[in-house]
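> The structure is given below, and queries will be raised subsequently.
Each reported figure results from applying straightforward, stated rules to the coordinates on display, with no laboratory input. Just so we're clear, the structure is a prediction, and the values are computed from it rather than from any experiment. All Cβ positions, even for glycine, are placed from backbone atoms using ideal geometry, and neighbour counts span all protein chains on display.
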Amino acid sequence: MILLDGKKTAADIKEEISLEVRDLKNNGKKTPHLAAVIVGNDGASITYVNAKVKACERVGFESSLIRLPEETTEEELLNEIAVLNVDNNIDGFIVQLPLPKHINEQKILMAVDPDKDVDGFHPTNVGKMALNLPTFISATPFGILELLDRYNVETSGKHVVVLGRSHIVGSPMSILLSQKRKIGNATVTMCHSRTQNLKDITLQADIIVAAIGIPEFVKADMVKDNVTIIDVGITRVGDTSKKNGYRLIGDVDFNEVSKKAAYITPVPGGVGPMTIAMLLKNTLLACERKS
Ligand code: GUN
């Protein structure tokens, strides 16, 4: 079994980005600048956004964190986005999801300038991704493609089973892996909560991408020998032995499934760190596109 080490791979990517930023600065070019907007006090979201901002600092980017209160209205958030859209100093920005219930998420995502949409969530960018045109690929699917690429995991002609149809992971992952691209050309089956005979399907998978948010859902009897496992799950469960009071559990029962797998991502330290690295990569791209 080979561990797909997202932590190490993300560190390598961030090092590569740092060198590019150093070159940009040495050549008198603009320093990439990412802004992140967060509304409300969701603990997990605050942790993720802080990690994104910290990662910017590490690679030499500029960053802005815009924290808005839970009561922020949709109109106020739209105004904030309008300001970021026209701020020439900001190359890309993200609005951390989920948003409070009184705000229409789709309306917010559609207000972001597609050229600054480094999350790749705007319908224009989702459309370009679906057509295999150059665009910002969302950080999590982009990170998974990069991880498979750097570990030389063959996808061409393989049967990939994607568990989950979310807009952020499952849906783009199934589209990307079926496309004619370096990490692609797979036969993809997309499974979701209404799928019948799920085990019959997962047993046929060469690669499983698990993105359903149910801790340890994928068990050893659901996979064949030498399967490749990409575990996108990051459910927090209480753990008093940890300093922060919780630990992260993936969608895959790592202990038993890793015994049958050829490649597997750990949780934490697999897909999560890659997501942040690819957000930085998209921001660098946004900055370079402008100049
Ligand atoms: N919430 C969970 N994942 C993401 C992400 O990749 N981007 C944003 N903006 N919010 C998220």
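> Determine, from the Cβ-Cβ distance of residue 151 and residue 104 and an R0 of 51 Å, the FRET efficiency 1/(1 + (r/R0)^6), rounded to the nearest 0.05.
On the way: r = 39 Å, r/R0 = 0.77.
After rounding to 0.05, the efficiency reads 0.80.
> How long is the gain from residue 130 to residue 167 if the chain were fully straight, where each residue apart is worth 0.36 nm and the alpha carbon distance is subtracted?
Values: separation 37, 0.36 × 37 = 13.32 nm, distance 1.21 nm.
Stretched fully, the residue 130-residue 167 segment lengthens by 12.1 nm.
> Still on this structure: When only Cα pairs under 8 Å and 6 or more residues apart are kept, what is the percent relative contact order across the chain? Before the final figure, lay out each step's value.
Details: 558 pairs, mean separation 62.7, N = 291.
Here the relative contact order equals 22 percent.
> Given the Cα-Cα distance of residue 1 and residue 179 and 0.36 nm per residue of separation, how much length would full extension add, in nm?
Between residue 1 and residue 179, full extension yields 61.3 nm more.
> How big is Rg to Rh over the range 45-129, alpha-carbon atoms, Rh as the Kirkwood inverse-mean-distance radius?
A ratio of 0.95.
> Roughly how many Å is it from the Cα centre of the range 127-161 to that of the range 170-221, as a whole number?
That distance is 13 Å.
> Where a ≥ b ≥ c are the square roots of the eigenvalues of the C-alpha gyration tensor, would you call the range 91-245 rounded, which needs a/c under 1.5, or, failing that, prolate if a/b is larger than b/c, or oblate?
Numbers: a/c = 1.80, a/b = 1.20, b/c = 1.50.
It comes out oblate by the Cα gyration axes.
> Take the Cα pairs of the range 81-165, get the Kirkwood Rh, then feed it into Stokes-Einstein at 25 °C and 0.890 mPa s and tell me D in µm²/s.
Details: Rh = 14.8 Å.
Rounded to a whole number, D works out at 165 µm²/s.
> ³J(HN,Hα) across the range 180-191 via Karplus (A = 6.51, B = -1.76, C = 1.60, θ = phi - 60°), whole Hz, x for Gly/Pro?
With the stated coefficients, the range 180-191 comes to 7, 8, 3, 9, x, 6, 8, 8, 10, 10, 9, 10 Hz.
> What share of the DSSP beta bridges in the chain is antiparallel, in percent to the nearest 5?
On the way: 4 of 35 bridges.
Counting DSSP beta bridges with both partners in the chain, the antiparallel share is about 10 percent.
> To the nearest 10 degrees, how steeply does helix 139-150 sit against the main Cα axis of the chain, on a 0 to 90 scale?
On a 0 to 90 degree scale, this one is about 60.
> Within 10 Å of each candidate Cβ there may be at most 12 other Cβ atoms; applying that plus a DSSP loop requirement, which trypsin sites (Lys or Arg not before Pro) in the range 98-176 survive?
Values: sites: 101, 107, 116, 128, 150, 158, 165; in loops: 101, 158, 165.
Here the sparse-neighbourhood loop sites are 101.
> Search the structure for amide H atoms under 5 Å from the amide H of residue 205, placed 1.01 Å from N in the peptide plane, and list their residues when 5 or more places away or on another chain.
It is 224, by chain and number.
> Classify the range 192-291 from the C-alpha gyration tensor, please: rounded if a/c falls under 1.5, else prolate or oblate depending on whether a/b exceeds b/c. Kindly include the intermediate steps, with their values, before the conclusion.
On the way: a/c = 2.18, a/b = 1.37, b/c = 1.59.
It comes out oblate by the Cα gyration axes.
> Continuing with the same structure: Could you calculate the FRET efficiency of residue 198 with residue 220 from 1/(1 + (r/R0)^6), where r is the beta carbon distance between them and R0 is 22 Å, rounded to 0.05?
On the way: r = 15 Å, r/R0 = 0.67.
FRET efficiency, residue 198 to residue 220: 0.90.
> Between the range 234-251 and the range 38-110, what is the separation of their alpha carbon centroids in Å?
When both Cα centres are located, 25 Å separates them.
> Shifting gears a bit: For residue 25, list the aspartates and glutamates whose Cα falls under 14 Å from its own Cα; do not include residues on the same chain fewer than 8 positions away.
Excluding near neighbours in sequence, the set is 62, 288.
> Can you compute the FRET efficiency between residue 290 and residue 71 using 1/(1 + (r/R0)^6), with r the Cβ-Cβ distance and R0 = 35 Å? Round to the nearest 0.05. Provide the component values of the computation, followed by the final result.
Values: r = 35 Å, r/R0 = 0.99.
Once rounded, the FRET efficiency stands at 0.50.
> Among the GluC sites (Glu not before Pro) within the range 135-227, which fall in a DSSP loop and have no more than 15 other Cβ atoms within 10 Å of their own Cβ?
When the GluC sites (Glu not before Pro) of the range 135-227 are filtered for loop state and at most 15 Cβ neighbours within 10 Å, 154 remain.
> Pairs of Cα atoms under 8 Å, at least six residues apart: use those to get the relative contact order of the range 207-291, whole percent.
Values: 141 pairs, mean separation 26.2, N = 85.
Contact order relative to length: 31 percent.
> Quote the convex hull volume per residue of the chain, based on C-alpha atoms, as a whole number of Å³. It would help to have the intermediate numbers written out before the result.
Working: hull volume 38.8 nm³, N = 291.
Dividing the Cα hull volume of the chain by its residues yields 133 Å³.
> Right, next: When ranked by the protection proxy of mean other Cβ atoms within 10 Å per residue, highest first, what sequence do the peptides 192-198, 273-279, 224-230 form? It would help to have the intermediate numbers written out before the result.
Numbers: 192-198: 11.0, 273-279: 24.9, 224-230: 19.0.
Averaged packing, sorted descending, gives the order 273-279, 224-230, 192-198.
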